[in-house]
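Undergrad: Sending over a structure as structure tokens; questions will come in a sec.
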Amino acid sequence: MAHAADVVQKNPVNAKATTASGGATKAARAGGTTVNTGINATGAGEQLRVTRTRSYGGLIRNETAAKSVSTVSHDYIAKQAPASNPLALVAMSPGANVSMGDPFGVSDESDINVRGLNQQEIGFTFEGAPMNDPDDYTPNSSEWVDSENMDNVQLQQGAPSLETPTTTSSGGTMAVKMRGPKHTRGGEFDVSYGTHQMNRQFIRYDSGDIANTGLRAFASFSDLTSRAWRGPGRNNRWHVDYKLIKEWGDGNYISLSGSYNNEHTAWYSTPTLSDWNKYGLKNNPDDMQGKYTFGSPNYYKSYATSWTDYFLSAPSHFKLARNLTLDVTPYYYHGSGNYPFGVTTVSTTGPYYNGTTANSSPLAGNNYSEDGQTAAIQNWIGVENYTGFNSTLHYKVANHDLVFGYWYGYTDMHVDEPLSGLDASGNSTGYLRQQDGTTLNEWSYHTITQTNALYIGDTMHFLNRKLTLDVGFKEVMAARNGTLNQPGPQYNANYYSAQPLPRMSISYKFNPKIMVFGNVTTSYRLPLGSAFYNQYDSPWDGGMYQTANKKLHDEYSVSEEVGARYHDKWITASLTLFNYNFSHHQINEYIGNVPYYQDAGSMTTRGFDGELALHPWHHITPYGSVEYLYARQDSNITMDGVTYHTAGKMATSAPRWMAAAGLQYDDGRFFGSVSLKYVDKEYGTFMNDEQISGHKQVDMMIGARAPDIGFLKAPSLRLNVINLADHHYLSGVYNTGPVAGTAQYYTAPNFACLGTFSTGF
């Protein structure tokens, strides 16, 4: 959006009206101020109070919190490739190091590191609900919401908010919010086609205000299919979003947000550095293989993932008295599916092990075999549920804004790893079973975690609200109880923790343009779920792959930030210095598909973030961000009984420098952008004896809008180009290791482009 935007302020749920054309309303694109905002905003002739705010391309806004915050708005999101993963949308923000599994963000094979901390140490929320996987804490953010329905994506690089309902925020938080339904009946439609046979359709319908009920709603549907960008396989995704809002009185509302997602996606190999240097993108023996040969470990169908989930959240706001309000967010999530991890072979005659118990009978049924061996897919079957509510009471008295809150969370995670037999053509013949009907299962466990959190805070204002002091305290109590559902010495697994999380921040506004701030915040993270259980070499010999960790500790962090912001009609800028100290820093690794939990002891992280954007000049909006990072491991790491002298070594996945620069153009008819992201070299191993080179990527977008054509409102065409120069590089660390040759890496997608036609109706 090129000019000052006319923001429609009718309610706190959906204050900004946008069209499907990649920008704001026609009045906003023209830069004028008007009370008749037109049919695309609120309905013909509807009179509203309109205020003027300034847009800086949607990558930055004037933040007022006493901590580092970067917010990507719908103005920017609407111009990116449809189906963009929320992780990709914050890639230009300071501190964000994003590695994508595919160019269009379809796959969950992606990763974000913030200030050198991986996504398992970041708390993710969607519509106010916690969204980290309850077992390994990955976000699976491609499943949440279609990009057309995102209102904003906010990255808090350091201190999480007091009210944030997560137990994984030692490395910051990322929050995604859904656009509200419009006040005027209508809809949006777009269709996209591009490289890798990418084909996507999206349609959304808004009910508008329903009579005088205070109700309005929207529902949308999208369908996507594409070919894997590297190797065989296809991606298919069906997605539904909806939101209902009921408003009444003085700012009261109840909303119901929901989504349904069903996807089948290809998997991409994560090469070692030596294999990448030898093969690059071609003929790597670790790549997925399209033709099945008996026992082939990398047959592409043995890695294809399938996942279905649905989500409900009801963020609601109640004004109880003049100075007293209540915010309540109940939520529920269910997900289930299979993330298989390759082909193995088992003897047709046994013996077989279920846990540590041996069975010498041959396999039941008629299983295809060669030389006494049966080939089978190693499945990971997960069924996960989490539910709860977060409630916050706000009370204002004199110069105090008081907060009292309670969060309750309940997660239920069930994991099985059965083996599926394969015939001569590589087709599944069903689960392998023993004569007594028992499924051959590599691992089976069930974990229930309950979380109770009480928090209290006071925001105090002094000197005509120029000086703000904020103090808060949060006590989080977690109980984790689980069972290992295989014979052996372990059955129950229990863990209890209570963490006090004090915090304090201060800010001072010298004038409306200049603000300085500082904060001290504590955060923590529970150990990941699989660390609680033994894993046996089932069904092969019953030996021990992993011994349950009996000395588990919560990761605990203390962070400090000092920063300054400047904002006027021409420029918005911020600079933040940060420092972290971690105790019981957790590193979650995989060795041969087996997860390992590592207590890496203490770690120190410090550096600075900078961000700047200028007001449009001749319709051109510049933006830039930079980060310097120094992340040091302070303790030695013991892994598989071997102690590595890592004290003083640099942390993995922690580039020393990152920078981003972009230019956007929008004159109301034509629009476009070009962006550059640079990431410095990264160590992949604890001993710093292996690293991937620094890399840069250029992306581009061009588009044009047309006047209304019949029932088509502001139709537009745009082309998004990813990796314009077709650079081939390793984009990040998939799995760290102790020494050279043990780490694996993400491969950056090559050149891709996507053309999109969008329109309102």
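Undergrad: Could you tell me whether any residue of the range 558-580 is under 24 Å from T138 (Cβ atoms), part of a strand (DSSP E or B) and open to solvent by 20 Å² or more (accessible area, probe 1.4 Å)?
TA: Looking through the range 558-580, none of the residues is under 24 Å from T138 (Cβ atoms), part of a strand (DSSP E or B) and open to solvent by 20 Å² or more (accessible area, probe 1.4 Å).
Undergrad: Right, another one. Quick one: V114 ticks every box in (1) of a type in the set (V, I, T); (2) within 24 Å of L162 (Cβ to Cβ); (3) under 10 Å from the mean Cα position of the chain (by Cα) except a single one, so which number is it?
TA: Single failed check for V114: (3).
Undergrad: Now for a different question. Tell me the residue from T652, T643 that is part of a strand (DSSP E or B) and hydroxyl-bearing (S, T, Y), please. Give the steps one after another, and end with the answer.
TA: On the way: T652 fails: part of a strand (DSSP E or B).
Every option except T643 fails the conditions.
Undergrad: Can you report the number of residues in the range 667-695 which are in a strand (DSSP E or B) and either more than 22 Å from the chain's Cα centre (by Cα) or within 25 Å of N588 (Cβ to Cβ) (or both)?
TA: 12
Undergrad: Hey, among the residues in the range 506-516 that are over 12 Å from H461 (Cα atoms) and assigned to a strand (DSSP E or B), which one's farthest from the chain's Cα centre (by Cα)? Let's see the steps before the verdict.
TA: Of all residues in the range 506-516, those over 12 Å from H461 (Cα atoms) come to 510-516.
Those left that are additionally assigned to a strand (DSSP E or B): 514-516.
Details: I514: 32, M515: 30, V516: 30 Å.
Restricting to residues being over 12 Å from H461 (Cα atoms) and assigned to a strand (DSSP E or B), the top hit is I514.
Undergrad: Tell me which of these L754 doesn't satisfy, since it passes every other one: (1) modelled with pLDDT under 95; (2) open to solvent by less than 10 Å² (accessible area, probe 1.4 Å).
TA: All conditions pass for L754, except number (1).
Undergrad: Okay, moving on. Do you know which residues across the range 371-421 are part of a loop (DSSP other than H, G, I, E, B), open to solvent by less than 40 Å² (accessible area, probe 1.4 Å) and polar (S, T, N, Q)?
TA: From the range 371-421, those part of a loop (DSSP other than H, G, I, E, B) are 371-372, 379-380, 398-399; that's our starting set.
With open to solvent by less than 40 Å² (accessible area, probe 1.4 Å) added as a condition, the list becomes 372, 379.
Listed by number, the list holds a single entry, N379.
Undergrad: Related question: Please specify each residue of the range 527-554 satisfying the condition of being of a type in the set (F, W, Y), within 25 Å of T166 (Cβ to Cβ) and part of a loop (DSSP other than H, G, I, E, B). Walk me through how you get there before you give the answer.
TA: Taking the range 527-554 first, the residues of a type in the set (F, W, Y) are 532-533, 536, 540, 545.
So of that shortlist, the ones also within 25 Å of T166 (Cβ to Cβ) come out as 532-533.
If the condition is that a residue be of a type in the set (F, W, Y), within 25 Å of T166 (Cβ to Cβ) and part of a loop (DSSP other than H, G, I, E, B), then Y533 is the only one that fits.
Undergrad: Got a sec? Which of T329, T293, T308 is of a type in the set (S, T, N, Q) and surrounded by 16 or more Cβ atoms within 10 Å (Cβ to Cβ)?
TA: Values: T293 fails: surrounded by 16 or more Cβ atoms within 10 Å (Cβ to Cβ); T308 fails: surrounded by 16 or more Cβ atoms within 10 Å (Cβ to Cβ).
So the residue among T329, T293, T308 that is of a type in the set (S, T, N, Q) and surrounded by 16 or more Cβ atoms within 10 Å (Cβ to Cβ) is T329.
Undergrad: Next question, about the same structure. Tell me, which residue of the range 189-222 that is among the charged types (D, E, K, R) and over 11 Å from P82 (Cβ atoms) is most open to solvent (accessible area, probe 1.4 Å)?
TA: Going through the qualifying residues, I end up with D209.
Undergrad: Looking at the range 696-710, which of the residues that are touching a strand residue (DSSP E or B) at 6+ places or on another chain (Cβ under 9 Å) and assigned to a loop (DSSP other than H, G, I, E, B) is least open to solvent (accessible area, probe 1.4 Å)?
TA: If we filter the range 696-710 for residues that are touching a strand residue (DSSP E or B) at 6+ places or on another chain (Cβ under 9 Å), which is where we start, we get 696-709.
Next cut, assigned to a loop (DSSP other than H, G, I, E, B) only: 706-708.
Details: A706: 37, P707: 79, D708: 59 Å².
Restricting to residues being touching a strand residue (DSSP E or B) at 6+ places or on another chain (Cβ under 9 Å) and assigned to a loop (DSSP other than H, G, I, E, B), the top hit is A706.
Undergrad: Is there a residue in the range 266-274 that is crowded, with 18+ Cβ neighbours inside 10 Å, not in a loop (DSSP other than H, G, I, E, B) and not hydrophobic (A, V, I, L, M, F, W, C)?
TA: No, that holds for no residue.
Undergrad: Also, quick follow-up: Output the residues belonging to the range 296-305 that are in a helix (DSSP H, G or I) and open to solvent by 40 Å² or more (accessible area, probe 1.4 Å). Let's see the steps before the verdict.
TA: Of the residues in the range 296-305, the ones in a helix (DSSP H, G or I) are 300-302.
Y300, K301, listed by residue number.
Undergrad: Condition check: out of contact with any His (no Cβ under 8 Å at 6 or more places or on another chain) and open to solvent by 30 Å² or more (accessible area, probe 1.4 Å). Does P315 satisfy that? Show your work before the answer.
TA: Values: out of contact with any His (no Cβ under 8 Å at 6 or more places or on another chain): yes; open to solvent by 30 Å² or more (accessible area, probe 1.4 Å): no.
No, not satisfied.
Undergrad: Here's something else I'd like to know. Which of the following residues is surrounded by 22 or more Cβ atoms within 10 Å (Cβ to Cβ), over 25 Å from A159 (Cα atoms) and not basic (K, R): P622, P616? If you could, list the steps in order and put the result at the bottom.
TA: Values: P622 fails: surrounded by 22 or more Cβ atoms within 10 Å (Cβ to Cβ).
Result of the check over P622, P616: P616.
Undergrad: Sticking with this one: List the number of the failed condition for G426; all other conditions in (1) small (G, A, S); (2) open to solvent by 10 Å² or more (accessible area, probe 1.4 Å); (3) over 30 Å from F126 (Cα atoms) hold.
TA: (2)
Undergrad: If you don't mind, there's one more thing I want to ask. Look at the range 275-290 and say how many of its residues are in a helix (DSSP H, G or I) and without any contact (Cβ under 8 Å) to a residue 24 or more places away in the chain.
TA: Step one: list which residues in the range 275-290 are in a helix (DSSP H, G or I), which gives 275-279.
From what's left, without any contact (Cβ under 8 Å) to a residue 24 or more places away in the chain: 275, 277-279.
Total meeting the criteria: 4.
Residues checked against (1) surrounded by 15 or more Cβ atoms within 10 Å (Cβ to Cβ); (2) over 26 Å from Y597 (Cβ atoms):
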position	(1), (2)
Y455	yes, yes
N464	no, yes
K474	yes, no
Y496	no, no
L526	yes, no
G529	yes, no
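Undergrad: Output yes when any residue across the range 482-498 is among the aliphatic types (A, V, I, L, M) and part of a loop (DSSP other than H, G, I, E, B), and no when none is.
TA: Initial filter on the range 482-498 (among the aliphatic types (A, V, I, L, M)): 484, 493, 498.
Next cut, part of a loop (DSSP other than H, G, I, E, B) only: none.
The answer is no, given that none of the residues of the range 482-498 is among the aliphatic types (A, V, I, L, M) and part of a loop (DSSP other than H, G, I, E, B).
The values are calculated or read from the model by the stated rules, or taken from the named source; none is laboratory data. As the structure is a prediction and not an experimental result, all values here were calculated from the model. As a convention, Cβ positions derive from the backbone with ideal geometry for all residues, glycine included, and neighbour counts pool all protein chains shown. When the accessible area is computed, the model is the full protein with side chains, heavy atoms only, and any ligands, DNA or RNA have been set aside. Shrake-Rupley method; radii C 1.70, N 1.55, O 1.52, S 1.80 Å.
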